[in-house]
1. Arranged by the count of other C-beta atoms within 10 angstrom, fewest first, what order do B:His32, A:His19 take?
2. Show that you can apply the helix-only estimate: for chain B, add -39,500 (n - 2.57) for every DSSP H stretch of four or more residues, divide by all residues, and state [θ] at 222 nm to the nearest 500.
3. Each residue of the range A:67-83 in order: what ³J(HN,Hα) in whole Hz does its phi give by Karplus 6.51 cos²θ - 1.76 cosθ + 1.60, θ = phi - 60°, with x for Gly and Pro?
4. With a/c under 1.5 counting as rounded, go ahead and sort the range B:30-152 into rounded, prolate or oblate using the C-alpha gyration tensor (a ≥ b ≥ c being the square roots of the eigenvalues; past the cut-off, prolate if a/b is larger than b/c, else oblate).
5. Under unit Cβ charges (Lys, Arg +1; Asp, Glu -1), what dipole magnitude, rounded to 20 debye, does the range B:10-152 have relative to its Cα centre?
6. Quick check: pseudo-label points 7 Å beyond the Cα along Cα→Cβ at B:Arg119 and A:Gln76, how many nm apart are they?
7. Does the protein assembly as shown come out rounded, prolate or oblate, given a ≥ b ≥ c as the square roots of the eigenvalues of its C-alpha gyration tensor, rounded meaning a/c under 1.5 and, failing that, prolate meaning a/b above b/c?
8. Please report the antiparallel percentage of the DSSP beta bridges confined to chain B, to the nearest 5.
Amino acid sequence: MVEAHPSSSTPAVGAVVIHCSEAAFQPYYQEFLKRGLHLESYAVFAVPGGPHCLTLADTFPRFSWAGWRWMEFLMQQTKAERIVLIAHDDCRWYHDPRFGFDPKGIPARQAADLQLLRRRMAEHFGEKRVDLYFAQLEGGRARFEVVT
Amino acid sequence: MTEVYRTEPLAGAGESGTALVIHCSDPRYQVHFHEFLRLGLGLERYGLLVVPGGAQFLTLADYLPKFSWAGWRWVKFIGDIAPPTRVVLIAHDDCLWYRHVRGRQDNAAMREKQVADLRRVGEALRERLGELKVELYYARLVDAAASFEAVK
């Protein structure tokens, strides 16, 4: 016998948020989402490099495949109208030799990846609000800049 | 780029972690997970893997191998840059990803599967990352709060 599951639908949420796994940033992300963006309820997708995995269809397609499947599930379940993508300074995932990025060019690369993903999100999920941010540590705090 | 927010200085933030936490993406649980990790377990900094279904993606080598392939590479990356000494795996009640992947199941059967997956992933992490303190928890919502049970 299968029981009824009255709570088996997620209430509408403020956003789906994608950020990196790196320990140094976790408390700052939580504060930024709550106090900076005033998000009370949000789904999280957090892996090394954060949104970067979604850009890897040509080079490391299994990362990309898994990432997009999870995003499709989250967008379908949450009915979110907003997606928040956060990259951060000195991301060790981007510095991994497997990607071959020039270290000096990584911040620009991260910004370009976020902008690319804004377009990809529109292709996958239609018209949604997609907010892009870049976080940096500074004197025990973190500052969040908007990427346009 | 224009600054839009600057955090307060936070104790323990900005430093590498010695713990790895894996839990689900479900929006109903995020604030409860944060509180439990900080206040319940005293974790100020930790590497975080968050995907639908939590640690279950590390069990899917035969069934959905691309999730597992990606997941273990992410775990290896975290293990290489900040080797954890403590791992916290959290499953939760009424997980929509488990229902999505496994179809209709009663609550007891689903919980049993989730707990088995937690144990299996805990063992696999010990094998791959070496000596670790592995802690397994199961969360459920109780009105507006959440309850966390240790899984033995």
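Throughout, read-outs are computed from the coordinates displayed, never taken from laboratory work. Keep in mind that this is a model prediction, so the values were computed, not measured. Glycine also receives a Cβ, built like all others from the backbone with ideal geometry; neighbour counts cover every protein chain displayed.
1. Numbers: B:His32 22, A:His19 27.
Ascending Cβ contact count within 10 Å gives the list B:His32, A:His19.
2. Value at 222 nm, helices only, nearest 500: -11000 deg cm²/dmol.
3. Those phi angles translate into x, 5, 4, 5, 5, 4, 4, 5, 5, 5, 6, 8, 6, 5, 9, 9, 10 Hz.
4. Details: a/c = 1.79, a/b = 1.10, b/c = 1.63.
Judged from the Cα gyration tensor, the range B:30-152 comes out oblate (a/c at least 1.5, b/c at or above a/b).
5. Value, rounded to 20: 320 debye.
6. Using points 7 Å along Cα→Cβ, the separation is 3.1 nm.
7. Details: a/c = 1.37, a/b = 1.30, b/c = 1.06.
Rounded is the answer for the protein assembly as shown, as its axis ratio a/c remains below 1.5.
8. 30
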